[in-house]
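The structure under discussion appears below in the form of structure tokens.
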Amino acid sequence: MLARLSKYRWQYLMILPAVVLLFLFSYIPMAGIQVAFKDFHIGGTIWNSEWIGLENFSFLQDDQFWVVVKNTIWIALLKFVFGFPAPIMLALLINEVRNNTFKRFVQSVSYLPHFFSWIVVAYILQSLLTLDGGLVNQLIVNMGGDPVFFMGSTQWFRPMIVASGLWKEVGWNTILYLAAITTIDPQLYEAAKVEGAGRMAQIRHITLPGMMPTIAIVLILSMPSLITVGMDQIYPLMNPANQPVADVLDTYILRSGLQQGYFGMATAVGLLSSVISLILVLITNQLARKFNGEGLW
Amino acid sequence: MKTSLRDKTAQVIIIILLSLLCVSVIYPFMYMLAVSLNVGSDAAKGGVYLWPREFTLYNYEIVLGNAVIRHAYLITIGRTLIGTFIGLLVTLLVAYGLSYRQLPFRKQILAYVLITMLFSGGLIPLYIQLNNLSLLNSFWVYIIPSAFSAWNMFVMMKFIQGIPEALIESAEIDGANPLRILIVVVLPLSKPMLAAIGLFTAVGHWNDWFAGAFYVSDQNLIPVQTFLQQLLSAQDISTVLGSNNNQEALARGTMLSNVTLMSIKMATVMVSALPILCVYPFLQKYFVKGVLIGSVKG
């Protein structure tokens, strides 16, 4: 056995850094979950802190927490309902373009926002929507309306999140669909044309069915993200005025933990969301196994 | 001929829709560029939509003359270069090591990696661990915790396993050890994959604001995106102008009354986004390829 292991000493040496990194930044934090059941204060150690049972889970009786859960589900749902079909439709549209130069141009431009941070996107929103001199409000005023304080409105927060999410990622998410379309056998289209099928009929009967496996995979893979709705996107746009609808699990953990110092309570909330996302991932894998014949792992 | 007429109308409608999409992407950048190149007090009156009305470079002078921003820029460049290099190195090594299918305990090691993709301790335990390792408030908090990515590792491993075994075997017969094989055979063949993963890693580093906002309190360690995040909700201009070493700009302060918070913000955001806008056309072919290879085994 030792001889066999030493035969692979180079490989083990190469694997070592990753194993150590995972141990330090994934496994020790997993053990740190016990903070959820302890009275931990920064400065003390996790192991010396006192066990306090389920006291940290008192947030479950907090109305504020359930508002946060509701916000999380709302935003996740809206982002899914609009975000899932949009790239499919965009891919179909791009595929119908005959002019190859224009096609490539549209693709390049629509991928672009994916490469900018959510901070930059937040600035774009601010510059277009702000009260003093923002383009949208200027248009509203010019047309005789009253300016709207978009950034600080509970009414406009969800549409803003959904729209900016679409704007940033829709093009990027078409890449897989467009790739799927190129693998469809051109003979199918020829045969359909002979039988007199128009463009719409071809989309319905050939292109869409051809995209189906990819659509299913993307659908399955998007399930775990239902719980993490994107701290990166929401935090920069959140302010005291829109907080009643903007506060989600991630921002709640961040605020109660890192900003207010309730480490135990924030860890408990995090544990809950980790468990839910684990369940979602396991369901996802089952679905993939059913649909694909094999799971994702 | 009726179908061809319908067809032409459809084409026109599609082209109009897609053009609108392109405008919605490009226009905000042109708008921000125009505002940032315009005298601030003038832009505040409204009406600057596409071109600067009263052209000035003063907003950029203030932004680039600000020591905090310049320093944040250095931090961003530094972490992007070092972080991408170390990330690629760690990923390539482990992916290559695990690409040996006969490796004893390979399954267990893969499971060890996979588990971290399924479950995590969450933000707070990680934060406590970073604190225990004295990584908080250190430049290395940007580099070390994110040096390994399980996702990239699996993609890279699949790619290496696609390299014809005959190539590796012939090198083995020549007496090369695995490290040599990695450098001489695998590395040159993996260039497109490394380019794609490297690009995504680099963009991730460039765009990250979170670590700078919550793992670091020393203002000398924050990257550009974190600076922008702090500036986003700023209510008055002193956030930018109040910093030390901006005296030079303040000394020429006759123009200062013409600067607004918005014009400064727009200049700062353009400065942070321009590098990506500049390299983007050259890197396109790599990232599309990267997404496609990555999705083969999703």
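The values are calculated or read from the model by the stated rules, or taken from the named source; none is laboratory data. Just so you know, these numbers come straight off a predicted model, no measurement behind them. Cβ atoms come from the backbone with ideal geometry, glycine included; neighbour counts cover every protein chain shown.
For residue A:166, are the conditions met, namely being at pLDDT 90 or above, closer than 28 Å to residue B:263 by Cβ and in a helix (DSSP H, G or I)?
no
Report, by residue number, each residue of the range B:19-47 that is at pLDDT below 85 and either assigned to a strand (DSSP E or B) or within 7 Å of another protein chain (Cβ to nearest Cβ) (or both).
Selection gives B:43, B:44, B:46.
So residue A:74 ticks every box in (1) in contact with a Lys or Arg (Cβ under 8 Å, 6 or more places away or on another chain); (2) more than 29 Å from residue B:42 (Cα to Cα); (3) free of Cβ contacts under 8 Å to residues at least 40 places away in the same chain but one. Which box is left unticked?
(3)
Would you mind finding the one in A:261, A:230 that is in contact (Cβ under 8 Å) with a residue 60 or more places away in the chain, within 12 Å of chain B (Cβ to nearest Cβ), closer than 30 Å to residue A:50 by Cα and surrounded by fewer than 17 Cβ atoms within 10 Å (Cβ to Cβ)?
One residue alone meets the criteria, A:261.
Mind listing whichever residues of the range B:73-132 are more than 18 Å from the chain's Cα centre (by Cα), more than 22 Å from residue B:157 (Cα to Cα) and among the hydrophobic types (A, V, I, L, M, F, W, C)?
B:123, B:124, B:126, B:128, B:130 - these are the residues of the range B:73-132 that are more than 18 Å from the chain's Cα centre (by Cα), more than 22 Å from residue B:157 (Cα to Cα) and among the hydrophobic types (A, V, I, L, M, F, W, C).
Mind checking which residues of the range A:67-87 are over 21 Å from residue A:248 (Cα atoms) and buried (at least 17 other Cβ atoms within 10 Å of the Cβ)?
Of everything in the range A:67-87, those that are over 21 Å from residue A:248 (Cα atoms) and buried (at least 17 other Cβ atoms within 10 Å of the Cβ) turn out to be A:86, A:87.
In the range A:204-220, how many are within 12 Å of chain B (Cβ to nearest Cβ) and buried (at least 16 other Cβ atoms within 10 Å of the Cβ)?
Total meeting the criteria: 4.
What are the residues in the range B:65-80 that are of a type in the set (A, V, I, L, M), in contact (Cβ under 8 Å) with a residue 24 or more places away in the chain and surrounded by fewer than 17 Cβ atoms within 10 Å (Cβ to Cβ), if any?
B:67
Name the single residue, out of those in the range A:161-177 being surrounded by fewer than 20 Cβ atoms within 10 Å (Cβ to Cβ) and in contact (Cβ under 8 Å) with a residue 12 or more places away in the chain, that is farthest from residue A:124 (Cα to Cα).
Among residues in the range A:161-177 that are surrounded by fewer than 20 Cβ atoms within 10 Å (Cβ to Cβ) and in contact (Cβ under 8 Å) with a residue 12 or more places away in the chain, the one farthest from residue A:124 (Cα to Cα) is A:172.
Do any helices (runs of 4 or more DSSP H) entirely within the range A:1-51 hold 2 or more residues that are facing chain B (nearest Cβ under 7 Å) and in contact with a helix residue (DSSP H, G or I) (Cβ under 6 Å, 6 or more places away or on another chain), and if so, which?
Output list reads A:9-22, A:28-31.
Here are some residues: A:184, A:161. Which one is within 33 Å of the chain's Cα centre (by Cα) and over 22 Å from residue B:25 (Cα atoms)?
A:184
Can you name the residue in the range B:218-231 that is surrounded by fewer than 21 Cβ atoms within 10 Å (Cβ to Cβ) and in contact (Cβ under 8 Å) with a residue 24 or more places away in the chain and is also farthest from residue B:134 (Cα to Cα) among such residues?
B:231
Can you tell me which of B:84, B:76, B:56 is out of contact with any helix residue (DSSP H, G or I) (no Cβ under 7 Å at 6 or more places or on another chain) and either over 27 Å from residue B:188 (Cβ atoms) or more than 13 Å from chain A (Cβ to nearest Cβ) (or both)?
Checking each option against the conditions leaves just B:56.
Is there any pair with a first residue in the range B:262-289 that is more than 8 Å from chain A (Cβ to nearest Cβ) and a second that is surrounded by fewer than 20 Cβ atoms within 10 Å (Cβ to Cβ) and of a type in the set (Ser, Thr, Tyr) whose Cβ atoms are under 6 Å apart and which are 6 or more apart or on different chains, and what are they?
Going by the 6 Å Cβ cut-off, the qualifying pairs are B:267/B:60.
Restricting to the range B:176-230, count the residues that are in contact with a His (Cβ under 7 Å, 6 or more places away or on another chain) and under 11 Å from residue B:76 (Cβ atoms).
Going through the range B:176-230 one residue at a time, the tally reaches 0.
Kindly list the number of the only condition in (1) part of a helix (DSSP H, G or I); (2) away from chain A (no Cβ under 11 Å) that fails for residue B:137.
(1)
Tell me, which residue of the range A:143-155 that is free of Cβ contacts under 8 Å to residues at least 60 places away in the same chain and in a helix (DSSP H, G or I) is nearest to residue A:133 (Cα to Cα)?
A:150
Report the residue count in the range B:103-132 for those that are within 7 Å of another protein chain (Cβ to nearest Cβ) and part of a loop (DSSP other than H, G, I, E, B).
6
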